[in-house]
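Only one structure is covered here, and it is reproduced in the block below.
The values are calculated or read from the model by the stated rules, or taken from the named source; none is laboratory data. All of these numbers come straight from a predicted model, not from anything done at the bench. FYI the Cβ positions are ideal-geometry reconstructions off the backbone, even for glycines, and counts take in every protein chain you see. These area figures cover heavy atoms from the full protein model, side chains too; ligands, DNA and RNA do not enter into them. Shrake-Rupley method; radii C 1.70, N 1.55, O 1.52, S 1.80 Å.
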Amino acid sequence: MSRSDLQDTFAQLDHVRAAEPRAAMATLVSTKGTTPRKEGAKMWVSEQGRLLGSVTIGGCVDARVIQASEQVLRSGTAELLTMSLGDADAWDMGLTCGGMVQVLIEPVSLRDAGDPIVCAYASLRAEREAGRHAVSVAPLSGVAARLVVREDGTTAGTLGSTALDDEAREHAMDVMRRAASCTSALSAAGDALYFFELHGPATTLIIFGAGQVAIPLVTIARSLGWRTVVVDNRERHATRERFPEADEIRLGMLGDEAERLTYDASTVAVIVAHDYKYELPVLRVLLQREPAYIGLLGNAGRGHALLGFLADEGYDAGTLERVHVPVGLHIGAGTAAEIALSIAAEIVAVRAGRDSARHAHTGSAS
């Protein structure tokens, strides 16, 4: 989920709770094909018919979700709604082709401190506000249960048994490593499906080097809801005028600043300095830390030489494989904006477990 999605989830919960004691929470848990929203998108339907949020961008899907939500509120039982989005419906929503969506609709007693969903989101909010990740695990079978798995492996709530909670915990830790919500089957529940919803700090993109590629990369990252940090030692380059959308600009030697920064599963790093004396110190730091992605601007020859230096220093092949060089997906990029687009696309692909193209452009724009 993006930074705005995370903020919306908790803001929506507060807003609905202040107005009414009960509501149906509809969560987009699975998508196939072309769909306008990502897993985790939410719509709230109150007992008085108030609406908040959306699982798509309106139209036929949301209309069916509203209808099903009213039934869920009457019955008090969760429902998994599966809908195909035909080409005609997709066209009306501004898409080029259809898809399939699954939406979990659950009744929530918003002012009941013992409600499993209320308890889960209280735990999730506490972890996010502390700058940590957590995963909510929800059964898609209609059972009213929740398990929250924190970044340190501790849990809150239960899915009904120790064996099921233990298996869900292992899956949740992997979800945090991959940084993407998903639906998975759990063998302890007879391969029943569960939705693993990731919450946590926004993705932070650290860009080492304030050259031409960095400018559009900040803009693209911002549109994706990522936090951006630009690092450079040149006062004339690392300026607010050049990077008005950057969340943070750090002026200093790249290797030194790399040491001062923190890295976790929400951090991705790209080196666009294009100078050995800056690239190597940063790479040494990044390879000792755990960012989710490391990208290095440059052609294959430069990349091979840089990794060769690090191999001579004792870094093993597995460690060096973490460096994506040439950086970006192979889309034929040539301009700074195109290179930035290919970098952002590769980061998304890697974090979604779809890193099928390791080679990009061979340009050296900086």
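General observations
- Nearest-0.05 FRET efficiency for Arg74 and Asp191, computed from C-beta distance (R0 51 Å): 0.95
- For the chain, the longest principal axis of the alpha carbon atoms and the long axis of helix 3-19 meet at an angle near 30°.
- For the chain, the longest principal axis of the Cα atoms and the long axis of helix 300-312 meet at an angle of about 90 degrees.
- Virtual spin-label span in nm between Ala317 and Arg111, 7 Å along Cα→Cβ: 6.5
- Taking Met253, Met83 and ordering them by how much accessible surface each has at a 1.4 Å probe, largest first, produces Met253, Met83.
- For Lys42, a cut-off of 16 angstrom between C-alpha atoms picks up these aspartates and glutamates, skipping any fewer than 8 places away in its own chain: Asp5, Asp8, Asp14, Asp62, Glu70, Glu79, Glu106, Glu197.
- Per-bin percent of Cα-Cα distances, the chain [20 Å]: 27, 51, 21, 0
- Average silhouette area of region 151-223, convex hull of alpha-carbon atoms, in square nanometres: 6.4
- Rel. contact order, % - alpha carbon contacts under 8 angstrom, at least six apart, region 167-298: 22
- Amide H to amide H distances under 5 Å link Leu159 with Asp165, where only residues 5 or more positions off or on other chains count and H is placed in the peptide plane.
- Counted over region 233-366 with a bin width of 5 Å, the fraction of Cα pairs per bin, in whole percents, is 2, 10, 20, 23, 24, 16, 6, 1, 0.
- Over the Cα atoms of region 227-275, the radius of gyration divided by the Kirkwood radius equals 0.94; this is the Rg/Rh ratio.
- Ranked order, His199, His171, His330 - accessible area, probe 1.4 Å, largest first: His330, His171, His199
- Based on C-alpha pairs under 8 angstrom that are at least 6 apart in sequence, the chain has a relative contact order of 12 percent.
- Averaging the sequence gap over all C-alpha pairs within less than 8 Å and six or more residues apart, then dividing by the number of residues, gives region 225-366 a relative contact order of 19 percent.
- Peptides 177-185, 153-161, 339-347 ranked from most to least packed by the mean count of surrounding Cβ atoms within 10 Å: 339-347, 177-185, 153-161.
- The modelled label-to-label distance between Glu235 and Thr158, using points 7 Å beyond Cα along the C-beta direction, is 6.3 nm.
- Close amide H pairs (under 5 Å, H built 1.01 Å from N) link Arg250 with Val230, Val231, Asp232, residues at least 5 positions away or on another chain.
- Per-residue packing, averaged as other Cβ atoms within 10 Å, sorts the ranges 132-143, 283-294 into the order 132-143, 283-294, beginning with the highest.
- Angle between the chain longest axis and helix 336-351 axis [Cα atoms, degrees, rounded to 10]: 50
- From the largest down, region 93-219 spans 54, 40, 33 angstrom on the principal axes of its Cα atoms.
- Gaussian network model of the chain, Cα within-10 Å springs - most flexible of Thr82, Thr319, Thr27: Thr319
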